[in-house]
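Only the coordinates and a few stated rules stand behind these numbers; no lab work does. Because the structure is predicted, anything quoted here is derived from the model rather than measured. Using ideal geometry, Cβ is built from the backbone for each residue, glycine included, and neighbour counts are taken over all protein chains shown.
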Amino acid sequence: MIEITYPLFFENINSQDSFIICCFYTESYRHHALNLKQSLDDFNLDYYFKEVEDAGYWEANTRIKPHFILECLQNFPNKNILYLDADALVKKPLDYFNRITADVAFYKTKGMPGMSHDYLASTMFFSNTTNTIALVEQWIADQVDGKQTQVDQDSLDSAMHKLESTLKVEALNPGYIKIFDKDYDGEIYIEQYQASRGHTKLKRQKIRQRNRVLGAVVLLTTLVVAGLLVSH
């Protein structure tokens, strides 16, 4: 039996692009990551992939993200970082990211119907600047006292609220963060396949446990009340 040691990683740095695509993944997402890698090879894009040990549940795995992004900013000081979730696929050339002059480029969802966070965190661009590094460090800091069900977007929103005024932020076109089953008439450059929908969330488990406890309490209360009524 082959023992897997972490981290496992693979990279390709051959192009003249000013950015490198970075992705981390757990073993259960490895096949998604390999599909993403193939799509990057098809367009001769630079990339760095790292397999990390599963943190135990989905929410905790999402909280690895800012630590990984900071690692990439530090490991590739002459490159900007385009972060992609492992379940993405690149569909067209990504020359646009060579032209970004902002500190970060995110897709903003604040105020949109059905959206629980201010930004999507599946396609994110980070220029390798002092302001950007400060944002990612704040993103990490805002996780320290987080609850178990906190996800990456919770602490990202918090960090952005604190530091957005110090950053030049570019709005990411929806064609770079297209969710596979959502309607969109424009050109699609990056498509996200939402593999997390198939993973049980700790938050849902806790809600189920709470509902079972509440149900048991209600049933016990009903039986006690019924017993008192009968005895009288």
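Other residues with beta-carbon under 12 Å from the beta-carbon of residue 43 carry, at +1 per Lys or Arg and -1 per Asp or Glu, a net charge of -2. Report the net charge of residues surrounding residue 155, where surrounding means a beta-carbon distance below 9 angstrom and charges are Lys +1, Arg +1, Asp -1, Glu -1. Net local charge, residue 155 excluded: -3. Where does the charge balance sit around residue 76 when Lys and Arg score +1, Asp and Glu -1, over other residues with C-beta under 11 Å from its C-beta? Taking every other residue near residue 76 into account, the sum is -2.
A simple rule links phi to the HN-Hα coupling: the Karplus curve 6.51 cos²θ - 1.76 cosθ + 1.60 with θ = phi - 60°, which for region 122-134 gives 9, 10, 9, 10, 10, 5, 7, 10, 4, 5, 5, 4, 4 Hz, with x for Gly and Pro. Inter-label distance, residue 169 to residue 99: 2.3 nm, where each label sits 7 Å from its Cα along the C-beta direction.
Straight Cα distances below 14 angstrom link residue 182 to the aspartates and glutamates 191, with same-chain residues fewer than 8 positions distant left out.
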